[in-house]
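As structure tokens, the structure follows; a few thoughts come after it.
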Amino acid sequence: MYVVMIAAECAPVAKAGGLADVVFGLSRELELRGNAVEIVLPKYDCMRYQDIWGLQVAYRDLWVPWFGGAVRCTVWFGHVHGRTCYFVEPHCGDNFFGRDRLYGYPDDVDRFTFFSKAALEFLLHSGKRPDVIHCHDWQTGIVPVLLYEQYQPGLADSRVCYTIHNFGHQGVTDDRVLWATQLGRPDHFLHPDRLGDGDAVNLMKAGIVYSNFVTTVSPAHADEARYGDQGRGLGHTLHAHRVKFGGVLNGIDYHMWNPEVDPLIPAGFSADRPEGKYANKRALRERFWLRDRYCPIVAYIGRLDQQKGMHLVHHALFYALANGAQFVLLGDAFHHNGISGHFRHLKRYLNDNPDCHLQIGYTEELAHLVYAGADIVVVPSMFEPCGLVPMVAMRYGTVPVVRSTGGLSDTVFDRDYSFRPPHERNGYVFHETDNAALESALGRALGLWNLFPTEFRHLMLNGMRAEHSWAGPGQHYQNIYDHIRHK
């Protein structure tokens, strides 16, 4: 089968979050299953170009219709750690992708709507005829609309799978996108059964309505989105299209995240030889200037974003210090908001504390070291469609303490209270969003580390032996692709 991923991110070359890991990891798994997979991305100025091999021009002078004229693009080709990628570079005064970060600009809707249109133009004019186009999140939600409204019969045999990674950002905008893409007909497209969201256009809704199948990134989150409030207003649309909607739990790339042979950590280790983890713990302390003493290290790894429960991360920091532990934060300050400002202030306040280090700014290299060196990771999210952090943490022998929401409830099972058999229990879970709830779980984790180290080691090994690869999810997506191709 020939599959084309159209996405705004792909690890490690263009990454703001878990979306990038999914695009890379799923593509690799599909290739292992005998599929031909290509990925189409914007050509950002801020990409990690050192991770692209053989970058060269693949298509010159691709003219993409835009408003009343057309924008000339160059499409580049290269390999990203074995994945075949194409990069769309528009040549226009708007400088859509010549920015210092991936997102967070007033014209984001224009930028990614243009990219979606350009991706389809590239497929059409380069003679590519994928069996399945798999697009991701609001940035590419308009792809199936354009495919079925404008690119017939040229791409008539292509089917679309649309994956929603985060309902919190839906691409709600005005009818400008209809004129920009030359779809026009606002009376038609603003109908509530199509793209209409009140008087606005909702690009995520567009993807749901027009695609052949819709997934979100865990079964629990699919239920939360359809029946609860996690769909952020799209619950009715998901219900209307329920026959083509489901949750597929993400995996993690076992090639990229493998503590036994990870080149980014000082010592390799595995469930059969876990001793190497302690060398990484010493290296983490040295890297972050923590004093060397016998105590657990608690970590937070992720975006400094309200979604991630930052008030509970703040509390976890001081609770850990007050209870004899050390605390490390690796926070991605993607948006310069009040939360990142708060943690920058905390960093200055705690600068001389030998048991705490706050690293504002995410790098893959540091993430691998923190996963490998920490004992406990806190993931107190307000909502979490999937949650890759605890999966990676368990792979590296770091025990997760999570709030029960979305995909976290599909992957982390409480050591004391889960109905799962003991060998499947792999962390600690709490349910409410207040400090006492966090303490109920983190306190038990710290207590086990301090009082019952052998039991803590068993819990750590349970997590390391759990199966979170892309093998299962890859088969699910293979089944979905087969289903929509033969409808």
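The values are calculated or read from the model by the stated rules, or taken from the named source; none is laboratory data. Just so you know, these numbers come straight off a predicted model, no measurement behind them. Cβ: placed from backbone, ideal geometry, glycine included. Neighbour counts: every protein chain shown.
Annotations
- Qualifying residue in segment 276-291 (condition: part of a loop (DSSP other than H, G, I, E, B) and surrounded by fewer than 16 Cβ atoms within 10 Å (Cβ to Cβ)): yes
- If you go through segment 388-440 and keep only what is more than 20 Å from His165 (Cα to Cα) and of a type in the set (Val, Ile, Thr), you end up with Thr398, Val399, Val401, Val429, Thr433.
- Applying the condition of being touching a residue at least 60 places away in the same chain (Cβ under 8 Å) and among the aromatic types (Phe, Trp, Tyr) to segment 292-320 and asking which residue is surrounded by the most Cβ atoms within 10 Å (Cβ to Cβ) yields Tyr300.
- Members of segment 96-113 found to be surrounded by 18 or more Cβ atoms within 10 Å (Cβ to Cβ) and over 22 Å from the mean Cα position of the chain (by Cα), listed by number: Phe96
- Selected residue (criterion: surrounded by the fewest Cβ atoms within 10 Å (Cβ to Cβ)) from residues of segment 12-27 that are touching a residue at least 60 places away in the same chain (Cβ under 8 Å) and among the hydrophobic types (A, V, I, L, M, F, W, C): Ala16
- Within segment 256-270, residues that are under 15 Å from Ser469 (Cβ atoms) have Cβ atoms under 7 Å from residues that are in a loop (DSSP other than H, G, I, E, B) and of a type in the set (Asp, Glu) in these pairs: Ser270/Glu260, counting only partners at least 6 apart in sequence or on another chain.
- Subset of segment 73-95 that is free of Cβ contacts under 8 Å to residues at least 40 places away in the same chain and closer than 16 Å to Asp110 by Cα - its residue that is surrounded by the fewest Cβ atoms within 10 Å (Cβ to Cβ): Gly93
- Subset of segment 419-433 [surrounded by fewer than 17 Cβ atoms within 10 Å (Cβ to Cβ), within 23 Å of Gly309 (Cα to Cα) and without any contact (Cβ under 8 Å) to a residue 40 or more places away in the chain]: His431, Glu432
- Matching option when the condition is surrounded by fewer than 19 Cβ atoms within 10 Å (Cβ to Cβ) and not assigned by TED's automatic domain parsing to the domain that holds Leu329, among His458, His476: His476
- Selection status of Val145, farther than 12 Å from Val4 by Cβ, among the aliphatic types (A, V, I, L, M) and either crowded, with 23+ Cβ neighbours inside 10 Å or in the same structural domain as Pro385 (by TED's automatic domain parsing) (or both): yes
- Within segment 222-237, considering residues that are touching a Phe, Trp or Tyr at 6+ places or on another chain (Cβ under 8 Å) and part of a helix (DSSP H, G or I), the one nearest to Thr405 (Cα to Cα): Glu224
- Helices (runs of 4 or more DSSP H) lying entirely in segment 96-211 (those with 1 or more residues that are under 25 Å from His483 (Cβ atoms)): 108-125, 143-150, 203-210
- Here segment 335-356 is the region considered, the condition is being closer than 27 Å to Asp51 by Cβ and touching a residue at least 24 places away in the same chain (Cβ under 8 Å), and the residue that is surrounded by the most Cβ atoms within 10 Å (Cβ to Cβ) is Ser340.
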